[in-house]
Each structure stands twice: as structure tokens, then as C-alpha cells.
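Step one of this worksheet: look at the structure below.
The values are calculated or read from the model by the stated rules, or taken from the named source; none is laboratory data. Just so we're clear, the structure is a prediction, and the values are computed from it rather than from any experiment. Positions of Cβ are generated from backbone atoms using ideal geometry, with glycine treated the same way; all protein chains shown enter the neighbour counts.
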Amino acid sequence: MDSRGFKEGAKAALPIVFGYLPVGMAFGVLARNAGLTTLEAGSMSLLVYAGASQFIAVEMISKGMVWLPIVITTFFINLRHLLMSSTLSLYFNGNRIQTLGLLSAQLTDESFAVAMSNTSKIENRPGYLFGLQITSHIAWITGSVGGALLGGLIDHESYGIPFALPALFICLLIIQIRKVHHFYIMVIAGISSLFFKWALPGNWYIILTALLASGVGIVIEKKLIPSPSTGEGEGGGEK
Amino acid sequence: MALVTFLPRFFPMAFLTRWVLPEKVKKGLEYFPISILSAIVFPILFFNGDGRMEVQPPPLLSAIPVFLFAWKVRSLWGSVILGMAIYWGLGFVL
């Protein structure tokens, strides 16, 4: 395996680690409050590894729900990963299925966003993506187990901790804006997301906004970059 | 939970890396990160914990400097620390 890529990826994960440790801890505390053991909380973070759905699942468990609605909710909340995985797949053409299985299992919003902030780093470099993802994953598990064990020792609402991940996302979003029309897509996506979230329950707004704004992106791009006319009269070529 | 989370993550990567996608779809996918990041960020600034729409001064006011800082400096670490510091500071003022 490409160890230099791995180390690069791990380093790139540090801002995520910074966000995951406290949020993971918050999850650990909530899980304990809901009656899960430290082992169960840790296993959830190990196997599921999906922040939003873990928090929601824990809340549903604490309200005494059966497993089926929890599983269904988890499925729909994490459905956006389908699209993220599709985007990442563009950069891993031809890789072995085991590699892809391993990489895709650790896909999260944050590691996806960091990966996409510099696609030249991930292009056909599973080592980098792996380093990025496993470092983040370990931070998440550590945070969860730590939170479950330590309970309420640190005040999670303080030290600006609740804003760590949002700040990270904001920076990752800005990094995506490389051309003028990207800025407009961001504004359109932002406003749509507010509308969809207001109008629809749950997390549907995320996927709908993503589809809508991506669609708008394709349309705008077509208008801005006229495709070169194909062929001129009878010229063509020898073939 | 683990299984239904894993499958939507795995299938696209497993299958799409083996096929060539039509140009339009590829372009759409390239806009996906911007769209989804916007969808994640903006609601944080305008919705409260119960899911009701309501301007949220602490994250909104913290977000503006972070936006500007990220625009100029483009540092992930820096943005996170700056954002946390401002948010924490605002907690004493607001």
C-alpha cells in the first residue's frame, strides 16, 4: 500500500478529528443516557459510523422504539451517501472490489468533503483516501467510547465545540467555489435547502437540494460554455 | 443499521468505477459537493434545534467571519479554530 499517500491522508484528516472527538463524545454521553453500554456505543460508531443517524437512532432507542423504524430511518438519512459514493467513484476507476468496499464503508459527509476539496490528491490513490477515512473513523470511535466512559465531565456546549463541524463545512464549501457560477450554485442550493427543510420533514431537504442544485449546475454550465460546433461542412477528416 | 448504511455507500463505488458514465451525469456529480455542502451549512444558520425556521444569531454571526477567512486563507484548521473561538466568545456576549 502507498504509505506516503496514507500519511498525507491522515494529516488531511486532522480538522475532522478535531470535530469528531467532541461530537463523538457527545454521542457517547447520549448513548449512555439512552441505556446503551459503552461497548454498544463503541460498536455503533465502529460499524455504522454515521453521525446524524447515530444520534437519531439513540434518541429513538431512548424513546423505546422497536428496531424496524430505526433501521428504515437510518437508511433514508444515510441515502445521501449513495450520491457521494457516486461522485467519488469518478476518481477510482478500475480499482479492486475489496479496495472499494473498504473505502466506501468509511464514507462520511466530512471525509467526502475533505476528499473533494482537492481531487488531485484522491485520484486513483486509495492509500490517501484510506488514511483520511480511517483516521477520522478512529477519532469518531475514540470520541464515542470516551464520551460513554467519561459521561458529563466536559461541557460539550462550551469552548465553541458545537460550531467546530459547521466551521469545517463552511470552509470546505468555500474551497469548492472555483469559478463564478459555482458561487451562484451555492446561493441557489442554500436558499433551496432552507425552503425544502421548512417544507419537508426529516432530512429529505439534503438530497433534494443536492439534486436540484446539481441539475441547475448542469443547465448553467451548458449556457455559459457553448459546445464547439461539431464538424464544419464537408471537411471532417480522412477517417 | 450498519448494513443499510453500508450498502448505499458501497454500490455506487463498486459499480460506477467499472462503467463509464454519460457526460451529463458526470457533470452533475461534479456539482454535487457544492450543493450538498450548501444544503448542510445554510440550515444550521437558520433553523433551531426543534427544526423550526428561526434566524440563529450565534452560528450565523460566527459563520460570516469564517466564510471570509476561508475565502482568503483557505485553511481548514484555521477556519475551525476561528469559528470555534468566535462562537465561544459570542456565547458570553449574546
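Does A:T230 fit the bill of being at pLDDT 85 or above and either in a loop (DSSP other than H, G, I, E, B) or hydroxyl-bearing (S, T, Y) (or both)? Talk me through it step by step, then tell me what you get.
Working: at pLDDT 85 or above: no; either in a loop (DSSP other than H, G, I, E, B) or hydroxyl-bearing (S, T, Y) (or both): yes.
So A:T230 does not fit the description; no.
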Checklist entry - Right, A:T87: of a type in the set (S, T, Y), away from every other protein chain (no Cβ under 13 Å) and over 23 Å from A:L36 (Cβ atoms) or not? => result no
Item to check | Test: residue in the stretch A:94-112 that is hydroxyl-bearing (S, T, Y) and at the interface with chain B (Cβ under 7 Å from one of its Cβ atoms) | outcome: yes
Checklist outcome for this item: Considering residues that are in contact with a helix residue (DSSP H, G or I) (Cβ under 7 Å, 6 or more places away or on another chain) and either modelled with pLDDT of 90 or more or among the charged types (D, E, K, R) (or both), the number found within the stretch B:62-93 is 12
Item to check | Which numbered condition A:G64 fails, given (1) away from every other protein chain (no Cβ under 13 Å); (2) more than 24 Å from A:P162 (Cα to Cα); (3) modelled with pLDDT of 75 or more | outcome: (3)
Item to check | Criterion (out of contact with any Gly (no Cβ under 8 Å at 6 or more places or on another chain), at pLDDT 85 or above, part of a helix (DSSP H, G or I) and crowded, with 17+ Cβ neighbours inside 10 Å) met by exactly one of B:P8, B:P12, B:P33, B:P59 | outcome: B:P59
Checklist outcome for this item: A careful count of residues in the stretch B:71-94 that are at the interface with chain A (Cβ under 7 Å from one of its Cβ atoms) and among the charged types (D, E, K, R) gives 1
Checklist entry - Among the residues of the stretch B:48-68, which ones are more than 8 Å from chain A (Cβ to nearest Cβ) and either in contact with a Phe, Trp or Tyr (Cβ under 8 Å, 6 or more places away or on another chain) or closer than 20 Å to A:G19 by Cβ (or both)? => result B:G49, B:E54, B:V55, B:Q56, B:L60, B:L61, B:I64, B:P65
Item to check | helices (runs of 4 or more DSSP H) contained in the stretch A:37-151 and holding at least 2 residues over 16 Å from the mean Cα position of the chain (by Cα) and either of a type in the set (A, V, I, L, M) or buried (at least 19 other Cβ atoms within 10 Å of the Cβ) (or both) | outcome: A:38-47, A:51-62, A:67-77, A:97-105, A:126-150
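Answer yes or no as to whether B:V80 is surrounded by fewer than 16 Cβ atoms within 10 Å (Cβ to Cβ) and either out of contact with any His (no Cβ under 9 Å at 6 or more places or on another chain) or in contact (Cβ under 8 Å) with a residue 12 or more places away in the chain (or both).
Details: surrounded by fewer than 16 Cβ atoms within 10 Å (Cβ to Cβ): no; either out of contact with any His (no Cβ under 9 Å at 6 or more places or on another chain) or in contact (Cβ under 8 Å) with a residue 12 or more places away in the chain (or both): yes.
So B:V80 does not fit the description; no.
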